[in-house]
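**Student:** Provided herewith is a single structure, encoded as structure tokens, for subsequent inquiry.
Quick note: the coordinates plus some simple rules give every number you see, no bench work behind them. Just so you know, these numbers come straight off a predicted model, no measurement behind them. Positions of Cβ are backbone-derived with ideal geometry, glycine not excepted, and every protein chain shown enters the neighbour counts.
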Amino acid sequence: MKKLFSLMLLFLFGASIIYAQDMSDMKSKLQTMCDEFSKRMVSGDMTGMWDYYTNDVISLPSYEPMVKGLDAVKANYEKMKESDMKMTDFSLTVTDVMQSGDFVVEIGTYKLKMEMPGMEEPIDDHGKYLNIWQTQEDGSMKLKAETWNTDVNPWMDMQMMEEGHGEGMGTHQEGGQ
């Protein structure tokens, strides 16, 4: 009985090491994908990036209504580009990865800088995001759902501007950042 118990413990220990390595590899793979996505967002060239999305993707953007379907997500991105908003810096950092069956949950943080017509200074923003990836039959992963929101409180920024204490969005840093 002791041998069986010892063997089971050894098996569980080995399985946990393999799982930890798998999650580490997954985190690295996702970070590589995020780095590529960030470069494309700054360049404005999304060619090939839409291949990472499922046709029925759901996007939950900050301060906007839910967007369902790849065509609608593309249209939303085009609308942003047409506003003459220019992203000058963008980075994603994967902080946590969880897997269950065919789904992988990616949680992370973002930082961005953008320029907009009529704004004297670029806007700095930072926040968090959550992506849900679905593993495809060929082993590739596609984005099934995404959401992000800012850590910058725009109402606090407006209040600070009205009181003459700040210069606008992104100048108020929450959480000691």
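**Student:** With charges set only on the Cβ (+1 for Lys and Arg, -1 for Asp and Glu), what does the dipole of the range 53-110 come to about its Cα centre, in debye to the nearest 20? The partial results should precede the final answer.
**Tutor:** Values: 5 positive and 10 negative charges, 27 e Å.
My answer is approximately 120 debye.
**Student:** Taking 0.36 nm per intervening residue step and subtracting the Cα-Cα distance, what contour gain separates Asn55 from Thr88 on full extension? Kindly include the intermediate steps, with their values, before the conclusion.
**Tutor:** Numbers: separation 33, 0.36 × 33 = 11.88 nm, distance 2.84 nm.
Length gained, Asn55 through Thr88: 9.0 nm.
**Student:** May I pose another question? What lysines does Lys142 reach when the alpha-carbon gap must be under 29 Å and sequence neighbours fewer than 8 apart in one chain are set aside?
**Tutor:** Answer for Lys142, where 29 Å is the Cα cut-off: Lys27, Lys29, Lys39, Lys68, Lys74, Lys79, Lys81, Lys86, Lys111, Lys113, Lys128, listed by chain and number.
**Student:** Go through the range 48-53 residue by residue and turn each phi into a ³J(HN,Hα) via Karplus (6.51, -1.76, 1.60, θ = phi - 60°); whole Hz please, and just put x for glycine and proline.
**Tutor:** x, 6, 5, 5, 7, 9
**Student:** Stick to the Cα atoms of the range 75-162, pair each with every other, and give me the Kirkwood hydrodynamic radius in Å at one decimal. If you can, show how the numbers build up before the last one.
**Tutor:** Values: mean 1/r = 0.0654 Å⁻¹.
15.3 Å is the Kirkwood radius here.
**Student:** For the pair Lys142 and Glu64, what calculated FRET efficiency results from E = 1/(1 + (r/R0)^6), where r is the Cβ-Cβ distance and R0 = 35 Å, to the nearest 0.05?
**Tutor:** Details: r = 22 Å, r/R0 = 0.63.
Using R0 = 35 Å, I get an efficiency of 0.95.
**Student:** What is the Cα centroid distance between the range 65-126 and the range 25-40, reported in whole angstrom?
**Tutor:** 14 Å
**Student:** What distance in nm lies between label points placed 7 Å from Cα along the C-beta direction at Asn76 and Asp151?
**Tutor:** Inter-label distance under the simple model: 2.3 nm.
**Student:** Which of the listed residues, Thr95, Met66, Ile132, is farthest toward the dipole's positive end in the range 65-163, when Lys, Arg count +1 and Asp, Glu count -1 at the beta-carbon?
**Tutor:** Projecting each Cα onto the dipole axis, the largest value belongs to Ile132.
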